[in-house]
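The values are calculated or read from the model by the stated rules, or taken from the named source; none is laboratory data. All of these numbers come straight from a predicted model, not from anything done at the bench. Because the Cβ atoms are built from the backbone with ideal geometry, glycine has one as well, and the counts that use them run over all protein chains shown.
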Amino acid sequence: MGKFLFATALLLAACDALRVSPTPRLAQKPITPAVQPAVNDEARAAAVWAGAAALLAVVEPAAAGDGAWAGTVKVALTPVLTLGTLAFLMRTVLSWFPKYDLKAMPWVIVAVPTEPFLKATRALIPPVAGVDITPIVWVSILSFFSEIFTGPQGLLTIIEKKGGL
């Protein structure tokens with residue numbers, strides 16, 4: 001109970017430093033620039049530090065726990081990385097057959113989630129001799145992260161086995 005009161009006091013102090021109400025007002029008139037309170041950098045920094053202290057007072061850092069969180073994160077992250085790798089592998093194979101319309105079913109299932117990543121990567125890595133290698137780049141990135149975090153010697157596996165950091 002003491003931590004909660006301390007965190008509440010810090011949060012109220014942060015709101016006061018920013019001159020912000022902790023509860024939102026629904027029918028509030030916009031503040032005109034002449035009436036707008038001036039918040040200097042020191043007050044803003046004090047509010048940020050007070051908010052961070054409030055969070056640390058209430059929430060126990062994950063590293064301080066017993067490491068049980070690592071198993072949960074690993075169970076959630078492994079399928080995401082695996083499905084992402086498979087999607088980019090399918091995009092690689094689909095790039096070999098340009099006659100398929102990626103906006104038609106079933107290809108749209110693979111094209112829609114991967115296209116934003118590929119588009120951003122194509123801006124950095126243009127096609128080489130007319131061949132788009134960006135799906136291979138993403139397969140490499142996702143495989144790397146999969147090994148680093150969820151592999152047999154991955155960080156999450158080690159934390160899960162040791163029971164903490």
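Some notes on this structure:
- Residues that are of a type in the set (A, V, I, L, M, F, W, C) and within 14 Å of residue 73 (Cβ to Cβ) were ranked within segment 136-165; the one that is modelled with the lowest pLDDT is 165.
- Filter result for residue 84 (assigned to a helix (DSSP H, G or I), buried (at least 17 other Cβ atoms within 10 Å of the Cβ) and out of contact with any strand residue (DSSP E or B) (no Cβ under 8 Å at 6 or more places or on another chain)): yes
- Segment 103-130, subset more than 12 Å from residue 87 (Cβ to Cβ) and in contact (Cβ under 8 Å) with a residue 12 or more places away in the chain, residue surrounded by the fewest Cβ atoms within 10 Å (Cβ to Cβ): 125
- Any chance residue 57 is part of a helix (DSSP H, G or I), touching a Leu at 6+ places or on another chain (Cβ under 6 Å) and modelled with pLDDT under 90: no
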